Amino acid sequence: MDAPVAAGRFGLSLFPHRLIFIRHGETDWNAGRRWQGRTDIPLNDTGRGQAKRNGDMLKAHLADAGIAAADLVFVASPLGRASETMAIVRAGLGLDPDDFRRDDRLVELSFGDWEGRTMDDLEATEADSLAARARDPFFFRPPGGETYGELVDRVAEALADLPGPAVMVGHGGISRGLRILLERADPAEMVGHPVPQDRFYVWEDGAARWV
């Protein structure tokens with residue numbers, strides 16, 4: 001478990017409850033380092049194992065904190081890799097696997113025409129666009145895609161609609177957006193921040209940490 005980091009005051013007012021974020025398990029496109037975005041790629045066997053492990057760790061975490069899983073709100077991206085991860089996690093908690101909210105605002109950042117392509121491919125054919133992304137990663141828009149600024153706006157709306165402590169399953173981009181909102185993390189730095197698939201992130205009591 002990592003040492004907690006302080007969460008920004010803005011974040012505490014935006015969502016003053018415990019929030020547990022789980023990134024979906026691995027897919028073949030993750031393993032192949034392809035830009036995935038909103039393309040609906042399923043979990044692979046490694047990803048299902050990661051989801052089960054996260055469910056087991058979450059069960060222990062909630063028990064240690066004296067929290068009943070049934071008292072939490074469960075919400076996920078509707079993309080299959082996130083919804084399947086949530087179903088596996090809920091099964092591990094002894095809950096109905098399919099009884100959770102699906103929120104379109106939690107889908108991954110759209111990479112538009114880049115989806116399905118590898119970084120090696122883009123470096124060979126889209127050098128100018130990659131350079132523009134490096135200069136201004138938060139507001140860069142891939143061809144036919146979305147900016148991180150737009151993602152953060154919709155994540156803030158999704159948070160505002162949660163009535164209390166929650167477990168959220170989403171994507172790497174959603175995790176980064178949450179940290180920008182809740183920790184006032186530097187947007188340009190956070191865009192490239194790695195998000196593991198075999199751990200979960202907790203915001204509580206004004207601090208945040210990986211578990």
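For the reader, a short list of remarks on this structure follows.
- Pairs, first acidic (D, E) in the stretch 63-85, second crowded, with 22+ Cβ neighbours inside 10 Å and in a helix (DSSP H, G or I), C-beta under 9 Å, six or more apart: E84/G47; E84/A51
Here's the yes/no breakdown for (1) crowded, with 16+ Cβ neighbours inside 10 Å; (2) farther than 20 Å from R105 by Cα; (3) basic (K, R):
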position	(1), (2), (3)
A131	no, yes, no
P142	yes, no, no
E146	yes, no, no
G149	no, no, no
D153	no, no, no
A158	yes, no, no
L162	yes, no, no
G170	yes, no, no
M190	yes, no, no
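- Against the list (1) in contact (Cβ under 8 Å) with a residue 24 or more places away in the chain; (2) under 17 Å from the mean Cα position of the chain (by Cα), the condition P137 fails is (2).
- Annotation note: Cβ proximity below 7 Å between a residue of the stretch 33-50 that is modelled with pLDDT of 95 or more and among the β-branched types (V, I, T) and a residue that is assigned to a helix (DSSP H, G or I) and surrounded by 20 or more Cβ atoms within 10 Å (Cβ to Cβ) (sequence gap 6+ or interchain) occurs for I41/R81.
- The residues of the stretch 70-88 that are surrounded by fewer than 16 Cβ atoms within 10 Å (Cβ to Cβ) and under 18 Å from the mean Cα position of the chain (by Cα), listed by number, are P78, G80.
- Neighbours by Cβ (under 8 Å, 6+ apart or cross-chain): first from the stretch 96-112, under 26 Å from P143 (Cβ atoms); second assigned to a strand (DSSP E or B): L106/V75; L106/A76; L106/M168; L106/G170; E108/G170
- Selection count where residues are of a type in the set (D, E, K, R), over 18 Å from V167 (Cα atoms) and modelled with pLDDT of 95 or more, scope the stretch 1-32: 2
- Residue check for S110: of a type in the set (S, T, Y) and in a loop (DSSP other than H, G, I, E, B): yes
- Residues in the stretch 94-109 that are surrounded by fewer than 22 Cβ atoms within 10 Å (Cβ to Cβ) and of a type in the set (A, V, I, L, M, F, W, C) were compared, and the one that is farthest from the chain's Cα centre (by Cα) is L95.
- Meets criteria (surrounded by fewer than 17 Cβ atoms within 10 Å (Cβ to Cβ), among the aromatic types (F, W, Y) and either touching an Asp or Glu at 6+ places or on another chain (Cβ under 8 Å) or farther than 13 Å from L106 by Cβ (or both)) for W210: yes
- Among (1) of a type in the set (G, A, S); (2) in a loop (DSSP other than H, G, I, E, B); (3) touching a residue at least 60 places away in the same chain (Cβ under 8 Å) - the single one G144 does not satisfy: (3)
- Verdict on A91 being hydrophobic (A, V, I, L, M, F, W, C) and buried (at least 16 other Cβ atoms within 10 Å of the Cβ): no
The values are calculated or read from the model by the stated rules, or taken from the named source; none is laboratory data. Quick caveat, the model's predicted, so the values are computed rather than measured. Cβ: placed from backbone, ideal geometry, glycine included. Neighbour counts: every protein chain shown.
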